[in-house]
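**Q** My structure is below; once you've seen it, I'll send some questions.
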Amino acid sequence: MKKVIEFDEKCPSCDGTGLYVGMGEHSGAAVVCHKCNGTGCHRFVHEFEEFSTLKERPGIKRVYQTNPGIGIGEGNGHQLEDFGGMPVAEWAEGRPFIPGMEMRRFTCPAWWYQSADYKLKPEWPECSKTLGNPFSRCPNFPMKVQCWERWDTEKGGGR
């Protein structure tokens with residue numbers, strides 16, 4: 001069922017003055033605000049469909065907690081499972097993301113949890129050596145399996 005919210009508000013473009021000053025207007029110049037036609041009053045109208053239930057998104061097979069900037073998909077020798085995550089049916093049932101569902105093959109714990117859940121991001125001294133550089137340039141990145149084992153011991157069990 002479609003619904004509409006409508007109300008008058010102080011025009012956000014001109015701050016209720018009816019006069020707009022942008023990049024092109026300076027030294028005391030203004031133009032009539034196009035959003036409110038110079039009235040200072042903007043009629044806000046938002047049409048929406050009331051939420052009833054989660055809809056299925058056709059073609060989706062697997063869901064990931066986040067994407068830290070990696071191309072995810074099948075092909076080039078990769079399966080969707082290689083990137084962690086869970087089947088879309090399990091996600092739709094409300095299954096939580098748990099340790100082991102991260103993109104462990106492609107990221108380290110610091111890289112992953114920077115996006116997924118910052119409070120779980122490790123703050124290990126050896127990680128600070130990469131400050132300002134991509135995580136993949138960390139000297140420990142080739143041994144990220146050990147970093148994940150450490151993360152599992154220190155943080156993964158308390159989730």
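The values are calculated or read from the model by the stated rules, or taken from the named source; none is laboratory data. Model, not experiment: these values are computed from the prediction. All Cβ positions, even for glycine, are placed from backbone atoms using ideal geometry, and neighbour counts span all protein chains on display.
**Q** Given the condition assigned to a strand (DSSP E or B) and surrounded by fewer than 12 Cβ atoms within 10 Å (Cβ to Cβ), answer yes or no: does some residue in segment 72-81 qualify? Talk me through it step by step, then tell me what you get.
**A** Kept after step one, since they are assigned to a strand (DSSP E or B), are these residues of segment 72-81: 75, 78.
Filter again for surrounded by fewer than 12 Cβ atoms within 10 Å (Cβ to Cβ), leaving 75.
Yes, segment 72-81 has at least one match.
**Q** Shifting gears a bit: Report every pair of residues separated by at least 6 positions or lying on different chains whose Cβ atoms are under 7 Å apart, first residue within segment 82-97 and under 17 Å from K55 (Cβ atoms), second assigned to a loop (DSSP other than H, G, I, E, B).
**A** V88/I60; V88/K61; A92/L54
For every residue, the table says whether it meets (1) assigned by TED's automatic domain parsing to the domain that holds G16; (2) at pLDDT 95 or above; (3) under 30 Å from F7 (Cα atoms); (4) among the aromatic types (F, W, Y).
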site: F44; (1), (2), (3), (4): yes, yes, yes, yes
site: A110; (1), (2), (3), (4): no, no, no, no
site: W148; (1), (2), (3), (4): no, yes, no, yes
site: T153; (1), (2), (3), (4): no, no, no, no
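**Q** Oh, and also: Among (1) assigned to a helix (DSSP H, G or I); (2) among the hydrophobic types (A, V, I, L, M, F, W, C); (3) in contact with a Pro (Cβ under 9 Å, 6 or more places away or on another chain); (4) without any contact (Cβ under 8 Å) to a residue 40 or more places away in the chain, which single condition is W111 missing?
**A** In the conditions (1) assigned to a helix (DSSP H, G or I); (2) among the hydrophobic types (A, V, I, L, M, F, W, C); (3) in contact with a Pro (Cβ under 9 Å, 6 or more places away or on another chain); (4) without any contact (Cβ under 8 Å) to a residue 40 or more places away in the chain, W111 misses (4) alone.
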